[in-house]
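A short write-up of the structure that comes next.
The values are calculated or read from the model by the stated rules, or taken from the named source; none is laboratory data. On a predicted model such as this, the values are computed, not experimentally measured, just so you know. Note that we place each Cβ from the backbone using ideal geometry, even for glycine, and neighbour counts take in every protein chain shown. Quick note on the areas: whole protein, heavy atoms, side chains included, nothing else; ligands and nucleic acids left out. Shrake-Rupley method; radii C 1.70, N 1.55, O 1.52, S 1.80 Å.
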Amino acid sequence: MKLLISGSSGLVGSHLCQKLDSDSTYETVRLVRKQSSEKQGATVVWNPSSDSLDLGLFAGVDAVIHLGGVNIANKRWSPEIKQKIYNSRVQSTSLLANSMAQLEQPPSIFICASAIGFYGDRGDERLDENSPHGRGFLADVCAGWEAATQPARDAGIRVINTRFGMILDKQGGALAQMLTPFKFGVGGKLGSGSQYWSWIALPDVVNAILFCLQHSEIHGPVNFVAPDEVTNLEFTKTLGKVLSRPTCLPVPAWAIKTIFGEMGQELMLCSARVTPQKLQTAGYEFTYPKLEDAFRGLL
């Protein structure tokens, strides 16, 4: 199977490519913004914000995996940053989907990243892939992101929108940022701690993507979250337990809102109790179904 992959230098993309490159049944081609001197396999340069794409790069491609997008947690959200976050996802996805729709023999599969931000702030409501679009900036981004894949779907391509929860890895993402304060014993719950944090370990992200490639019955939105539903307080206590550190320094909601603004509200204080219904129905077996096991395995 020949795969065309964007976002190959990111947290998910780099680990996915590493696993694919070790398996002779896959051939990978990376879509990159600029050529690098570092050895990274076959690459093709593209401009995600352009209006056109060389259709020849899809020759022989069986599946496209699109993981690109501006980091949502690097800077406080100004109107300009929010526009960049939105455009980096929607424009690039639209370019790929419309380009594939023009092909006489398009790839059979298009896997495009999305996020559980689609659901917005939903309290303790249990959410599956049939739950409606929520409110908020990230909900609007995810809705636009997923809608941009429609031309590919209309062309008969099997489209999968991977709604990622919080991805856990010790070298990147939210967990990597938490480790230092928690190791020094200054970690604690955020706000009330009652908000649900839906999470997934990085190895399960990679394995579940490959699982979706191999199971033709899977299509549409797919929640990439572990089945262990935990609140921020439970997440905090479990991490402290694994690190053998106290977690008695909570961060009040007003401080998060003051320091991080809208970004802090949506990324740290919103609640999304998401279930991996489609993955479980299809028979996917999580490597790390429980949070404590995930922390011990990753750390």
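Inter-part distance, segment 271-299 to segment 120-169, computed on C-alpha centroids, equals 18 Å.
Of all lysines in the structure, the ones whose alpha carbon falls short of 21 Å from that of K278, not counting any fewer than 8 places away in one chain, are K290. Residues whose amide H comes within less than 5 Å of that of S198, counting only those at least five positions distant or on another chain, are M166, A272, V274 (H built at 1.01 Å from N in the peptide plane).
Note on segment 2-157: dipole from Cβ charges, positive end direction compared against N130, A148, Q102; the farthest Cα belongs to A148.
Within straight-line reach of K75, meaning a Cα separation under 28 Å, sit the following lysines at least 8 residues removed in sequence or on another chain: K34, K84, K170, K183, K189, K237, K257. Projection of the Cα convex hull of segment 143-299, averaged over all directions and equal to a quarter of that hull's surface, yields 9.6 nm².
In segment 166-217 the Cα-Cα distances spread across 5 Å bins starting at 0 as 4, 16, 17, 21, 16, 9, 7, 5, 3, 0 percent of all pairs. Normalised by the number of residues in segment 33-156, the mean separation of alpha-carbon contacts (under 8 Å, six or more apart) gives a relative contact order of 27 percent.
If you roll a 1.4 angstrom probe over the protein chains with everything in place, what fraction of the accessible area of segment 12-96 belongs to carbon and sulfur, to the nearest %? Of the solvent-accessible surface of segment 12-96, carbon and sulfur hold 47 percent. Put a plus charge on the Cβ of each Lys and Arg, a minus charge on the Cβ of each Asp and Glu, and nothing anywhere else: the dipole of the chain about its Cα centre is then about 980 debye. Normalised per residue, the accessible area of segment 34-123 is 52 Å², obtained with a 1.4 Å probe and no contribution from ligands, DNA or RNA. Evaluated at q = 0.10, 0.12, 0.14 Å⁻¹, a Debye calculation over the C-alpha positions of the chain (equal weights, vacuum) places log10 I(q)/I(0) at -0.54, -0.78, -1.07. Near W77, within a Cβ-to-Cβ distance under 11 Å, what is the net charge of the other residues, with Lys and Arg +1 and Asp and Glu -1? Every neighbour counted, the sum reads +1.
With N the number of residues in segment 208-299, Rg(Cα) / (2.2 N^0.38 Å) evaluates to 1.35.
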